[in-house]
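Working notes for the structure below.
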Amino acid sequence: MIRSLLLTAAAALAAFASSALAQAPQRIALTMDDGPHLSATPRLSPQARNEAILAALRKHRVQAALFVTCGNGADRPEGLALVQAWSQAGQLLGNHTMTHLDLNSPQVSLEQYQDEIQRCQQILTGQAGLQRWFRFTFLREGKPEAKRDGMRAWLKAQGFRNAYVSLDTSDWRLNEFLETRLKADPQADVSDIRQAYLDHLWQRAQAYQALSRRLQGRDIAQVLLTHHNLLNALFLDDVVAMFKARGWQFISPAEAFEDPVYQLQPLSNVAGQSLLLSMARSLGLGRFEGWERLVDDGDYEIERLGKPDATAR
Ligand SMILES: [Zn+2]
């Protein structure tokens with residue numbers, strides 16, 4: 001009797017938990033790396049690209065974070081003005097080094113990498129949106145372990161948060177594809193690239209949500225990685241609209257980083273990937289189902305776009 005009562009209670013609890021899981025909106029925070037860029041692209045000037053991204057955020061009332069690579073423009077007055085526009089729009093700013101060196105490269109010393117962070121921080125100091133957040137370039141935290149641990153200790157001593165990514169994407173790869181097509185013909189139809197980008201983001205989002213449930217037993221606040229590029233200048237509005245339409249809720253990166261998952265430091269970090277993938281590797285999960293699509297740099301979408309019938313989707 002007691003046993004069956006307990007079982008009934010357990011079943012009711014499980015039903016409650018699963019319905020709570022189904023009803024609670026999945027939270028997501030938007031982060032954007034490498035900007036602001038002063039490089040030329042088809043269709044939009046650097047100022048117009050920056051403004052289009054900020055307009056999409058304003059329209060959807062989303063607070064995002066821009067991780068500035070200072071050497072891409074912020075080290076010049078016209079580039080710093082674009083950073084200033086983020087600050088004035090109530091957006092957040094983080095540090096993504098001066099020149100985007102790869103910490104895992106044997107040619108890059110710990111001191112050199114730290115100097116790049118400090119120089120970029122000096123340029124950004126005084127911006128209202130500036131946080132003490134650091135985003136690793138290529139999401140690579142240093143090899144060998146002594147270098148990785150040296151960086152962890154330095155960041156802690158300097159009061160920097162490692163601004164992890166959980167929802168890694170290959171928007172940069174689709175951006176390359178987009179720019180190549182528009183350089184050949186600025187009037188070219190790009191609606192198939194837009195759709196491929198949305199499909200790519202949604203596939204990754206679902207996969208990382210599933211990985212979060214598997215590793216953490218719950219839906220963590222996801223931190224999405226995108227880049228300050230033409231692709232997002234053209235389609236960020238659609239990206240945010242898609243996530244909202246599918247029930248995902250945008251929160252500030254500051255709120256997302258409050259999730260305790262972002263206090264963890266995986267023993268093993270996968271070169272250039274999501275925190276969740278690093279955790280999966282630390283836990284010995286190996287090449288779990290769906291792993292290939294998370295590490296393929298968008299090959300699946302690019303290959304489909306290259307096929308003549310891809311536009312018929
Ligand atoms: Zn980057």
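The values are calculated or read from the model by the stated rules, or taken from the named source; none is laboratory data. Bear in mind that the values here come from a model prediction, so they are computed numbers and not experimental data. Here the Cβ is made from the backbone with ideal geometry for all residues, glycine too, and neighbour counts use every protein chain on show.
So which residues in segment 10-37 are in a loop (DSSP other than H, G, I, E, B), at pLDDT 95 or above and within 16 Å of the ligand (Cβ to nearest atom)?
Listed by number, the list holds a single entry, Pro36.
Filter the helices (runs of 4 or more DSSP H) completely within segment 228-294 down to those with at least 3 residues that are within 28 Å of Ser39 (Cα to Cα) and modelled with pLDDT of 95 or more.
Output list reads 230-245.
Tell me, please, whether a residue that is away from the ligand (no atom under 16 Å from the Cβ) and of a type outside the set (S, T, N, Q) can be found in segment 93-105.
No, the conditions are met nowhere in segment 93-105.
What single numbered condition from (1) away from the ligand (no atom under 16 Å from the Cβ); (2) crowded, with 16+ Cβ neighbours inside 10 Å; (3) among the polar types (S, T, N, Q); (4) over 24 Å from Glu292 (Cβ atoms) fails to hold for Ser212?
Only one criterion is unmet by Ser212, namely (4).
Just for segment 122-150: of the residues that are in a helix (DSSP H, G or I) and more than 16 Å from the ligand (Cβ to nearest atom), which one is nearest to the chain's Cα centre (by Cα)?
Of everything passing the filter in segment 122-150, Arg148 is nearest to the chain's Cα centre (by Cα).
Which one is nearest to Thr180 (Cα to Cα) among residues in segment 65-92 that are away from the ligand (no atom under 15 Å from the Cβ) and crowded, with 24+ Cβ neighbours inside 10 Å?
Out of the qualifying residues, it is Leu82.
Can Gln222 be described as away from the ligand (no atom under 16 Å from the Cβ) and without any contact (Cβ under 8 Å) to a residue 12 or more places away in the chain?
The answer is no for Gln222.
Pairs, please: C-beta under 8 Å, at least 6 apart or cross-chain, first residue of a type outside the set (Val, Ile, Thr) and in segment 244-262, second modelled with pLDDT under 95 and crowded, with 20+ Cβ neighbours inside 10 Å?
Tyr262/Leu275
So, in segment 42-61, exactly how many residues are of a type in the set (A, V, I, L, M, F, W, C), out of contact with any Leu (no Cβ under 6 Å at 6 or more places or on another chain) and within 18 Å of Ala241 (Cβ to Cβ)?
The number of residues fulfilling the criteria is 4.
What are the residue pairs meeting all of these: first residue in segment 176-191, first residue among the aromatic types (Phe, Trp, Tyr), second residue not in a loop (DSSP other than H, G, I, E, B), Cβ atoms under 7 Å, and 6 or more apart or on different chains?
Close Cβ pairs (under 7 Å, with a partner that is not in a loop (DSSP other than H, G, I, E, B)) amount to Phe177/Ile193; Phe177/Ile302; Phe177/Leu305.
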